[in-house]
Amino acid sequence: MAQRVGLSVAEIRDRMAGLPENSRDITIDDFLRLRHGLEQEAHERIRALTAVLDDLATDRELCEIPPK
């Protein structure tokens, strides 16, 4: 699921590092924290892509560099 959100293997490894090594020791709270983080990441990526779509839909130059 994390790959479908768009996380790299390194990002997935970092997120999984906080979980117990033995999968039998993972609690529902561990799972919920991981799921919540993935949900937040998905929403952030959607917001970023929506901003790109908004920029593409304007009359601005496609090669214009946006302000920082």
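The values are calculated or read from the model by the stated rules, or taken from the named source; none is laboratory data. Fair warning: this is a prediction, and the values are worked out from it, not measured in the lab. Virtual Cβ from ideal backbone geometry, glycine too; neighbours counted across all protein chains shown. Side chains are part of the model used for accessible areas, which takes the heavy atoms of the whole protein and leaves out ligands, DNA and RNA. Shrake-Rupley method; radii C 1.70, N 1.55, O 1.52, S 1.80 Å.
So the values come out like this:
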{"read-out": "In segment 8-31, residue farthest from the chain's Cα centre (by Cα) [restricted to those that are open to solvent by 70 Å² or more (accessible area, probe 1.4 Å) and of a type in the set (A, V, I, L, M, F, W, C)]", "value": "ILE28"}
{"read-out": "Matching option when the condition is within 11 Å of the chain's Cα centre (by Cα) and not basic (Lys, Arg), among VAL5, VAL52", "value": "VAL5"}
{"read-out": "Checklist (1) closer than 21 Å to ASP14 by Cβ; (2) modelled with pLDDT of 90 or more applied to PHE31, failing item", "value": "(2)"}
